[in-house]
Amino acid sequence: MKLLTANRLNDGRVIYLGEADAAVEAIDAARILDADAAEAALTLAQSRPAVFVNPYLIEVEDRAPSGRDRLKERIRSVGPTVGHSLDFAARNETP
């Protein structure tokens, strides 16, 4: 099974294709696609560049990324890492 992912044009956030072809931010809200639906969804997303930037398909098992890019996709699915890193650094600074 597959999901369609991309980045949103206006803020760069990771998005997924959800129900009714809507862009959703949570991987849990993404629509699971079979092979035929996945290709159609990719074509649809590519035709909407004002929303979906560089859309592509990822393999999933039970909504968890699988396949060779699973680590990258798991990191992308939980949100930006920079903000978390900056929070950690600020908490551990010494005056």
Original post:
Residues with amide H under 5 Å of Ala23's amide H, sequence separation 5 or more or different chain, H placed in the peptide plane at 1.01 Å from N; which?
Top reply: Gly18
**OP:** Take Arg70, Arg8 and sort them by solvent-accessible surface of the protein heavy atoms, 1.4 Å probe, largest at the top.
**Re:** Arg70, Arg8
**OP:** Provide Arg48, Arg68 ordered by accessible surface of protein heavy atoms (probe 1.4 Å), highest first.
**Re:** Arg68, Arg48
Original post:
Rounded to a whole number of µm²/s, how large is the Stokes-Einstein D of region 1-81 at 20 °C and 1.002 mPa s, given Rh as the Kirkwood radius over C-alpha pairs?
Top reply: 174 µm²/s
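The values are calculated or read from the model by the stated rules, or taken from the named source; none is laboratory data. Just so it is clear, the structure is predicted and the values come from calculations on it, not from any experiment. Note: accessible area is taken over every heavy atom of the protein model, side chains too, but ligands, DNA and RNA are not part of it. Shrake-Rupley method; radii C 1.70, N 1.55, O 1.52, S 1.80 Å.
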